[in-house]
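J.: Starting off with a structure, shown below.
The values are calculated or read from the model by the stated rules, or taken from the named source; none is laboratory data. Since the structure is predicted, the reported quantities are computational estimates derived from the model, not experimental observations. Note that each Cβ is placed from the backbone with ideal geometry, even for glycine, and that neighbours are counted across all protein chains shown.
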Amino acid sequence: MSAVSGLPAVSARRRRTDRVMRGLLGAATCLALVPLILIIYYLLHKGLGEWTSGGFFTTDPNGNFFGNPGGIRSAILGTLEIVGLASVISIPIGIGVALYLTEYGRDSRFANVIRYFVDVMTGVPSIMFGLFIYIVLVISHTGGSGFAGWKGSIALSLLMLPIVIRSAEVVLLLVPSSLREAALALGAPRWQVIRRVVLPTATPGLVTGSLLAIARGMGETAPLLFTVSLVFGLTGNLNAQMNTLPIQIFNDITSPRNAVVNRAWGAGLTLVALVLIFNLIARAVARRSRMA
Amino acid sequence: MAASATTVPGDRSLVERSPGRRLPDQVLRWGLTSLATLILIIIGYFFVRLIGQSGTAISHSGLSFVFGNDWDPAHNVFHGAALIVGTLITSAIAMIIGVPVAVATAVFIVESCPRRLRGPVSILVDLLAAVPSVVYGLWGVFVLAPKLLPAEKWFASTFSFIPWLGGGTPVLYNYFIAGLILAIMILPIVSAISREVIATVPQENKEAALALGATRWEMIRMAVLPYSRPGIVGGAMLGMGRALGETIAVVLLIGNAPTIGNHIFAQGYSLAAVIANEFNEAANTPLWASSLFYAGLVLFILTLLVNIVARYFISRGSRGTRGTGATGMTIASGPAGGQG
C-alpha cells in the first residue's frame with residue numbers, strides 16, 4: 001500500500017473503497033455468526049434449566065396432559081441405537097466403495113460414473129431417503145411391522161453413505177503410492193496390500209470421515225419421520241417404533257404446553273451437544289494424524 | 001507370457017501365484033465392485049419405485065399437478081402449483097440473503113482475515129452446519145418468527161408501494177421466515193465450497209494484481225473473484241439444492257397453507273413440507289398418498305437438475321484439483337485442511 005518513492009500514491013478514493021469493502025467483508029462474517037451465537041445462547045438459556053431439573057435424563061416422556069411431561073431417556077437411547085446400526089451398515093460399505101474407487105476403479109469410466117452418482121447422492125434431500133424407505137419397507141410392512149427402528153437406520157445409512165465414501169476416498173488417495181508399490185514389489189497380493197498397508201496408513205482419516213458422517217446422521221429428522229415414527233416408551237426392539245431425539249423435538253415443538261416446549265429446548269441442547277462431541281472427536285483425530 | 005524355463009506344474013511361471021492363492025484377490029475385487037454397483041442399483045430402484053407409486057396421481061392430475069393451483073385433498077383435487085411456487089420462493093429468498101453473506105465470509109477468511117483468526121472463524125462458520133435442522137426449526141418457531149414479526153409489519157407498511165415485499169399483512173409463519181432460516185442453513189456449505197475455490201486462486205495472479213498497484217479490494221475484485229466464479233456459482237447451486245429439499249425447518253415455519261401468497265410475508269407451503277405434513281393422514285387414501293409421492297418425484301427431479309448443474313460448475317471451477325467439498329464438514333479446517 002505504501003507508495004515506493006517515485007510512484008504516485010494510491011488515491012484517497014481508492015483507499016477509502018478498499019477500507020469500506022474490506023470492512024463490509026468483515027461485517028458480513030460477523031453477521032453470519034450472529035445466528036450461531038443466538039442459537040447457542042437460547043439453547044443454553046432455555047435448555048440448561050431442563051438438564052438440571054430432576055429426571056430429565058432418567059425418565060421417559062409420557063403423554064400426560066398435566067403434571068410432569070417426563071424426560072428424554074428413551075429418545076437418547078433410541079437415537080444412539082438407530083445411529084449405531086446406521087453406522088455399522090454405512091461405514092464398512094462406504095469404505096469398501098472408496099477402496100474400489102482408489103485401488104481398482106481409479107480413473108476407469110465405471111469408477112467415474114460411481115463418483116458422479118455418489119456426488120449426486122450427497123445432494124439428494126434427506127426427506128428423499130425417508131420417502132424411499134417408506135415406499136420400499138414401511139408400506140410393505142417388511143419384517144412384520146410398518147414403522148421400525150431398523151428401517152430408520154437404513155434410511156440414515158443411505159444418507160451417510162456418500163459422506164463416508166467421499167471422505168474415505170480423499171484419505172485413501174493420500175496414501176503414498178510408493179507404499180503400495182513397495183508392498184506389491186515384495187510380492188504381496190492386492191488384498192494384503194490393502195489390509196496391511198493402505199488401511200492402516202489411512203485409519204485416522206477414515207475415522208474422522210466416519211465420525212463426521214455419524215454426526216450428520218444423528219441430527220437428521222426427516223428420514224426418521226417416515227421410517228421410525230414416534231413412541232414414547234423405552235424400547236430396545238429395533239423392529240418396532242422407537243423414540244429418537246429429533247422426532248421427539250419435532251413433536252414437542254407443536255405442543256401447546258410450556259413444559260413440553262421446554263423439554264424440546266433441553267432435548268435440542270442434548271442433540272447439539274451430541275453432534276458437537278462427534279465433530280470435536282473427529283477434528284481431534286484429524287489433527288493428531290496430521291502431526292504424525 | 002512369463003519367461004519360461006522356470007515353470008512349475010500347471011503351466012505357470014514360478015513367480016505367478018497359484019489359482020488358489022489368487023482367489024482372495026478376485027473375491028475382494030469383485031466384492032468391492034459389486035458394492036459400488038449397489039449404489040447405482042439403489043438410486044435406479046428408488047427412481048423406478050417412486051414413479052411407480054406416483055402412477056395413480058400422474059394419471060389423475062397429469063401436468064396440472066405442476067400448473068394448477070388447487071390443493072384440496074378432501075375433494076380429491078391435487079394441483080400443486082402452490083407447493084412448487086412455495087419451494088421456489090423460499091429457496092430464492094435463501095439464495096438472495098445467504099449467498100452474498102456466505103461468499104463475503106469466504107473471501108474474508110481467505111484473503112482479508114488476520115492469519116491467527118482464520119482457523120477459529122472458519123470453524124465457527126462450519127459449526128452452523130452442525131446444528132440439526134430440527135433445532136433451527138425450534139429456534140425459528142420460538143425466537144426468530146415472533147421476534148421478527150413487528151419488524152416485518154413495519155417493513156410491509158412502510159414499503160407498501162413495493163409489489164411482493166410490502167402492502168400485505170405479515171403473518172407469524174411465512175415465506176420470508178422460512179427463507180431466512182434456509183439462508184442460515186445453506187450458509188456453511190456455500191461458504192465452505194467458496195473458501196475451497198478461492199484458496200485455489202494462484203498466488204501469482206494475486207501478486208500480479210498487487211504489483212500493478214491494486215489495493216487489496218481491487219485484487220479481490222479483479223483477480224480472486226473472476227477466477228473463482230464458476231466454483232462459487234456451483235457452491236451456490238449446491239446450497240440451492242439443500243434449500244429446495246429442506247423439510248423440517250420449513251414445515252415448521254412456512255405456515256402450511258396450500259395457497260400462493262401475494263407477498264413474501266404470506267403463508268404458503270412447499271413440496272417437502274406437504275409430504276412431511278400429510279403423509280400420515282394420506283396413508284389410507286391411495287390417491288392422496290400417490291399425489292404426495294408425485295410431489296416427491298417433482299422435488300427429486302428438481303433437486304437432481306440443480307445438483308447436476310452445480311456439479312458442472314464446480315468441476316469447471318476446480319479443473320485439475322478434485323474438490324473434497326459436498327459435505328461442508330469434510331473440509332476440516334479451511335484451506336490448510338484440504339488434500340495437501
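J.: Of A:227, A:270, which residue is within 23 Å of the chain's Cα centre (by Cα), under 15 Å from residue A:71 (Cβ atoms), modelled with pLDDT of 90 or more and within 12 Å of chain B (Cβ to nearest Cβ)? Reasoning before the result, please.
T.: Values: A:227 fails: under 15 Å from residue A:71 (Cβ atoms).
The conditions single out A:270.
J.: Could I ask something else about it? Looking at B:212, B:253, B:180 in this structure, which one is in contact (Cβ under 8 Å) with a residue 40 or more places away in the chain, within 12 Å of chain A (Cβ to nearest Cβ) and surrounded by fewer than 23 Cβ atoms within 10 Å (Cβ to Cβ)?
T.: Details: B:212 fails: in contact (Cβ under 8 Å) with a residue 40 or more places away in the chain; B:253 fails: surrounded by fewer than 23 Cβ atoms within 10 Å (Cβ to Cβ).
Among B:212, B:253, B:180, only B:180 is in contact (Cβ under 8 Å) with a residue 40 or more places away in the chain, within 12 Å of chain A (Cβ to nearest Cβ) and surrounded by fewer than 23 Cβ atoms within 10 Å (Cβ to Cβ).
J.: Given the conditions (1) touching a Ser or Thr at 6+ places or on another chain (Cβ under 9 Å); (2) touching a residue at least 12 places away in the same chain (Cβ under 8 Å), and given that residue B:47 satisfies all but one, which numbered condition is not satisfied?
T.: Answer for residue B:47: the failing condition is (1).
J.: Working carefully through the options A:209, A:152, find the one that is closer than 30 Å to residue A:73 by Cβ and under 15 Å from the mean Cα position of the chain (by Cα). Spell out the reasoning first.
T.: On the way: A:209 fails: closer than 30 Å to residue A:73 by Cβ.
Criteria check complete, one pass: A:152.
J.: Mind checking whether some residue in region A:166-178 is in contact (Cβ under 8 Å) with a residue 24 or more places away in the chain and among the charged types (D, E, K, R)?
T.: Among the residues of region A:166-178, at least one is in contact (Cβ under 8 Å) with a residue 24 or more places away in the chain and among the charged types (D, E, K, R), which makes the answer yes.
J.: Quick check on residue B:139: is it outside any helix (DSSP H, G or I) and crowded, with 19+ Cβ neighbours inside 10 Å? Can you show your working first?
T.: On the way: outside any helix (DSSP H, G or I): no; crowded, with 19+ Cβ neighbours inside 10 Å: yes.
No.
J.: If you don't mind, another one. Could you list, in sequence order, the residues of region B:158-169 that are within 28 Å of the chain's Cα centre (by Cα) and either among the charged types (D, E, K, R) or closer than 18 Å to residue B:257 by Cβ (or both)?
T.: Here is the first cut: in region B:158-169, the residues within 28 Å of the chain's Cα centre (by Cα) are B:164-165.
Scanning region B:158-169 gives a single hit, B:164.
J.: Taking the condition of a type outside the set (A, V, I, L, M, F, W, C), closer than 30 Å to residue B:264 by Cα and in contact with a Pro (Cβ under 7 Å, 6 or more places away or on another chain), does residue B:70 pass?
T.: no
J.: Among what's in region A:39-54 and is within 19 Å of residue B:120 (Cα to Cα) and more than 7 Å from every other protein chain (Cβ to nearest Cβ), pick the residue that is surrounded by the fewest Cβ atoms within 10 Å (Cβ to Cβ).
T.: Restricting attention to region A:39-54, the residues satisfying the condition of being within 19 Å of residue B:120 (Cα to Cα) are A:39-41.
If we keep only those that are more than 7 Å from every other protein chain (Cβ to nearest Cβ) as well, we get A:40-41.
Details: A:40: 16, A:41: 12.
The selected residue is A:41.
J.: Then there's this: Residue A:83 - would you say it is buried (at least 18 other Cβ atoms within 10 Å of the Cβ) and more than 10 Å from chain B (Cβ to nearest Cβ)? Break it down into steps so the answer makes sense when it comes.
T.: Numbers: buried (at least 18 other Cβ atoms within 10 Å of the Cβ): yes; more than 10 Å from chain B (Cβ to nearest Cβ): yes.
So residue A:83 passes the test.
J.: Given B:326, B:332, B:336, which one is surrounded by fewer than 20 Cβ atoms within 10 Å (Cβ to Cβ), modelled with pLDDT under 50 and under 27 Å from residue B:112 (Cβ atoms)? Give the steps one after another, and end with the answer.
T.: Details: B:326 fails: surrounded by fewer than 20 Cβ atoms within 10 Å (Cβ to Cβ); B:332 fails: surrounded by fewer than 20 Cβ atoms within 10 Å (Cβ to Cβ).
The match here is B:336.
J.: Considering every residue within region B:64-72, establish whether at least one is away from chain A (no Cβ under 14 Å), touching a residue at least 40 places away in the same chain (Cβ under 8 Å) and of a type in the set (Ser, Thr, Tyr).
T.: no
J.: Would you confirm whether any residue within region B:113-129 is touching a helix residue (DSSP H, G or I) at 6+ places or on another chain (Cβ under 7 Å), modelled with pLDDT under 90 and closer than 26 Å to residue B:266 by Cα?
T.: Within region B:113-129 (the criterion being touching a helix residue (DSSP H, G or I) at 6+ places or on another chain (Cβ under 7 Å), modelled with pLDDT under 90 and closer than 26 Å to residue B:266 by Cα), the answer is no, since none of the residues qualifies.
J.: So for region A:56-64 (the condition being surrounded by 19 or more Cβ atoms within 10 Å (Cβ to Cβ), of a type outside the set (D, E, K, R), under 30 Å from the mean Cα position of the chain (by Cα) and outside any helix (DSSP H, G or I)), does at least one residue qualify?
T.: The answer is yes; a qualifying residue exists.
J.: Identify all residues within region A:110-125 that are among the aromatic types (Phe, Trp, Tyr) and either in contact (Cβ under 8 Å) with a residue 60 or more places away in the chain or within 7 Å of chain B (Cβ to nearest Cβ) (or both); write none if there are none. Break it down into steps so the answer makes sense when it comes.
T.: Here is the first cut: in region A:110-125, the residues among the aromatic types (Phe, Trp, Tyr) are A:110, A:116-117.
Of everything in region A:110-125, just one residue is among the aromatic types (Phe, Trp, Tyr) and either in contact (Cβ under 8 Å) with a residue 60 or more places away in the chain or within 7 Å of chain B (Cβ to nearest Cβ) (or both), namely A:117.
J.: Would you pick out the residues in region A:126-137 that are surrounded by fewer than 23 Cβ atoms within 10 Å (Cβ to Cβ) and at the interface with chain B (Cβ under 8 Å from one of its Cβ atoms)?
T.: A:135, A:136
J.: Okay, next question. Look at region A:188-210 and say how many of its residues are surrounded by fewer than 24 Cβ atoms within 10 Å (Cβ to Cβ) and either touching a strand residue (DSSP E or B) at 6+ places or on another chain (Cβ under 8 Å) or within 25 Å of residue A:80 (Cβ to Cβ) (or both).
T.: Looking only at that region, the number is 5.
J.: Now a separate question. With more than 12 Å from chain A (Cβ to nearest Cβ), surrounded by 19 or more Cβ atoms within 10 Å (Cβ to Cβ) and touching a Pro at 6+ places or on another chain (Cβ under 9 Å) as the only criterion, which of B:94, B:82 stands out? Walk me through how you get there before you give the answer.
T.: On the way: B:94 fails: touching a Pro at 6+ places or on another chain (Cβ under 9 Å).
Of the residues listed, the single one that is more than 12 Å from chain A (Cβ to nearest Cβ), surrounded by 19 or more Cβ atoms within 10 Å (Cβ to Cβ) and touching a Pro at 6+ places or on another chain (Cβ under 9 Å) is B:82.
J.: Okay, moving on. Answer yes if at least one residue in region A:68-80 is free of Cβ contacts under 8 Å to residues at least 40 places away in the same chain, in contact with a helix residue (DSSP H, G or I) (Cβ under 9 Å, 6 or more places away or on another chain) and of a type in the set (A, V, I, L, M), and no otherwise.
T.: First, the residues of region A:68-80 that are free of Cβ contacts under 8 Å to residues at least 40 places away in the same chain: A:80.
Remaining after also requiring in contact with a helix residue (DSSP H, G or I) (Cβ under 9 Å, 6 or more places away or on another chain): A:80.
Those left that are additionally of a type in the set (A, V, I, L, M): A:80.
Yes, because at least one residue in region A:68-80 is free of Cβ contacts under 8 Å to residues at least 40 places away in the same chain, in contact with a helix residue (DSSP H, G or I) (Cβ under 9 Å, 6 or more places away or on another chain) and of a type in the set (A, V, I, L, M).
J.: Report every pair of residues separated by at least 6 positions or lying on different chains whose Cβ atoms are under 7 Å apart, first residue within region B:271-297 and away from chain A (no Cβ under 11 Å), second surrounded by 24 or more Cβ atoms within 10 Å (Cβ to Cβ) and not in a helix (DSSP H, G or I).
T.: Pairs that qualify, where the first residue is away from chain A (no Cβ under 11 Å) and the partner is surrounded by 24 or more Cβ atoms within 10 Å (Cβ to Cβ) and not in a helix (DSSP H, G or I), are B:291/B:78.
J.: Oh, and also: For region A:138-158, how many residues are hydrophobic (A, V, I, L, M, F, W, C) and within 11 Å of chain B (Cβ to nearest Cβ)?
T.: Initial filter on region A:138-158 (hydrophobic (A, V, I, L, M, F, W, C)): A:138-139, A:147-148, A:150, A:154-156, A:158.
Still in the list and also within 11 Å of chain B (Cβ to nearest Cβ): A:138-139, A:147, A:154, A:158.
The qualifying residues number 5.
J.: To continue, here is another question. Taking the conditions exactly as written (within 23 Å of residue A:71 (Cα to Cα), touching a Ser or Thr at 6+ places or on another chain (Cβ under 7 Å) and away from chain B (no Cβ under 11 Å)), does residue A:237 satisfy them or not?
T.: Values: within 23 Å of residue A:71 (Cα to Cα): yes; touching a Ser or Thr at 6+ places or on another chain (Cβ under 7 Å): no; away from chain B (no Cβ under 11 Å): yes.
It is false that residue A:237 is within 23 Å of residue A:71 (Cα to Cα), touching a Ser or Thr at 6+ places or on another chain (Cβ under 7 Å) and away from chain B (no Cβ under 11 Å).
J.: Where residues in region B:18-42 are crowded, with 18+ Cβ neighbours inside 10 Å and within 19 Å of residue A:117 (Cβ to Cβ), which of them is modelled with the lowest pLDDT?
T.: Let us first name the residues in region B:18-42 that are crowded, with 18+ Cβ neighbours inside 10 Å, namely B:28, B:32-33, B:35-36, B:39.
Restricting the remaining residues to those that are within 19 Å of residue A:117 (Cβ to Cβ) gives B:32-33, B:35-36, B:39.
Values: B:32: 92, B:33: 92, B:35: 91, B:36: 91, B:39: 88.
Going through the qualifying residues, I end up with B:39.
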